[in-house]
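Undergrad: Okay, here's the structure, questions in a sec.
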Amino acid sequence: MKAVIIMGSKSDLEWSKKIVDTLKTFGIESVVRIASAHKTPLKVLEIIKEYEEDDVVFVTVAGRSNALSGFVDANTFRPVIACPPYSDRFAGMDILSTLRMPSGVSPLTVLEPEQAGLAVAKIFALKDRELVEKVKSYQEGIRSEIDREDKNILGG
């Protein structure tokens, strides 16, 4: 069980590290690679072929004109999660290149890196009972934090 994070460029590394950190909390191995659908499409295909026979989920991290997510999804039978870093450029509308996909192409889009890591964990939890318990514990931790914050704001 492994998440293969493919970044469009090195500038996506800090965003990708947040995904890796979340995956570590669930005990999920990850590998981070750089390849561009626009500039190095053959390399993207090589990376897909290198890993897709394993039990993997691909996570794509590419901003601007995000061809990477659709390209990866169109060339693998494994799940693909698009987690594009967003910016204020174009008022955030560059996200549309991730949301609008042609027929037969269906990467899941998760905008926050921590939630992308959680989505990977939930996909793998379909076949791993121990991971189910880790996801449940993670969710319970979030609920407990909200309860603590609520009590604190009430003064007690």
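The values are calculated or read from the model by the stated rules, or taken from the named source; none is laboratory data. Here the structure is a predicted model, which is why all the values come from computation and not from measurement. Neighbour counts are summed over all protein chains in view; Cβ atoms, including those assigned to glycine, are modelled from backbone coordinates with ideal geometry.
Undergrad: Residues that are surrounded by 14 or more Cβ atoms within 10 Å (Cβ to Cβ), touching a Phe, Trp or Tyr at 6+ places or on another chain (Cβ under 6 Å) and part of a helix (DSSP H, G or I): does region 59-71 have at least one?
TA: no
Undergrad: Then there is this: Could you run through region 8-31 and say how many residues are among the polar types (S, T, N, Q) and either surrounded by 23 or more Cβ atoms within 10 Å (Cβ to Cβ) or over 18 Å from residue 66 (Cα atoms) (or both)?
TA: 4
Undergrad: Here's something else I'd like to know. Could you figure out which of (1) assigned to a helix (DSSP H, G or I); (2) touching a helix residue (DSSP H, G or I) at 6+ places or on another chain (Cβ under 8 Å) isn't true of residue 85?
TA: Checking residue 85 against (1) assigned to a helix (DSSP H, G or I); (2) touching a helix residue (DSSP H, G or I) at 6+ places or on another chain (Cβ under 8 Å), the one that fails is (1).
The rows are residues; the columns are (1) touching a residue at least 40 places away in the same chain (Cβ under 8 Å); (2) of a type in the set (A, V, I, L, M); (3) over 13 Å from residue 61 (Cα atoms).
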residue: 86; (1), (2), (3): no, no, no
residue: 104; (1), (2), (3): no, no, yes
residue: 108; (1), (2), (3): no, yes, no
residue: 120; (1), (2), (3): yes, yes, yes
residue: 124; (1), (2), (3): yes, no, yes
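Undergrad: Report, by residue number, each residue of region 84-113 that is surrounded by 14 or more Cβ atoms within 10 Å (Cβ to Cβ) and either in contact with a Lys or Arg (Cβ under 9 Å, 6 or more places away or on another chain) or of a type in the set (Phe, Trp, Tyr) (or both).
TA: If the condition is that a residue be surrounded by 14 or more Cβ atoms within 10 Å (Cβ to Cβ) and either in contact with a Lys or Arg (Cβ under 9 Å, 6 or more places away or on another chain) or of a type in the set (Phe, Trp, Tyr) (or both), then 84, 86, 94, 97, 112, 113 are the ones that fit.
Undergrad: Tally time: how many residues in region 72-83 are of a type in the set (Gly, Ala, Ser) and buried (at least 24 other Cβ atoms within 10 Å of the Cβ)? Let's see the steps before the verdict.
TA: Initial filter on region 72-83 (of a type in the set (Gly, Ala, Ser)): 74, 82.
Adding the requirement that they be buried (at least 24 other Cβ atoms within 10 Å of the Cβ) leaves 82.
Residues meeting the conditions: 1.
Undergrad: Let me ask something else about it. Of all residues being of a type in the set (Lys, Arg) and not in a helix (DSSP H, G or I) in region 90-146, which is modelled with the lowest pLDDT? Just the residue, please.
TA: The extreme case among them is 100.
Undergrad: Given the conditions (1) of a type in the set (A, V, I, L, M, F, W, C); (2) more than 28 Å from residue 85 (Cα to Cα); (3) touching a strand residue (DSSP E or B) at 6+ places or on another chain (Cβ under 8 Å), report the number of the one that residue 120 does not fulfil.
TA: Condition not satisfied by residue 120: (2).
Undergrad: If residue 24 satisfies every condition in (1) free of Cβ contacts under 8 Å to residues at least 12 places away in the same chain; (2) under 23 Å from residue 139 (Cβ atoms); (3) out of contact with any Ser or Thr (no Cβ under 9 Å at 6 or more places or on another chain); (4) among the basic types (Lys, Arg) but one, which is the exception?
TA: Just one mismatch for residue 24, condition (3).
Undergrad: Within region 1-39, track down each residue that is in a loop (DSSP other than H, G, I, E, B) and not β-branched (Val, Ile, Thr).
TA: Listed by number, the residues that qualify are 1, 8, 9, 26, 27, 35, 36, 37, 38, 39.
Undergrad: Right, another one. Given the criterion buried (at least 22 other Cβ atoms within 10 Å of the Cβ), on the phi < 0 side of the Ramachandran plot and at pLDDT 95 or above, identify the matching residue among 5, 34.
TA: Values: 34 fails: buried (at least 22 other Cβ atoms within 10 Å of the Cβ).
Result: 5 is the single residue among 5, 34 that is buried (at least 22 other Cβ atoms within 10 Å of the Cβ), on the phi < 0 side of the Ramachandran plot and at pLDDT 95 or above.
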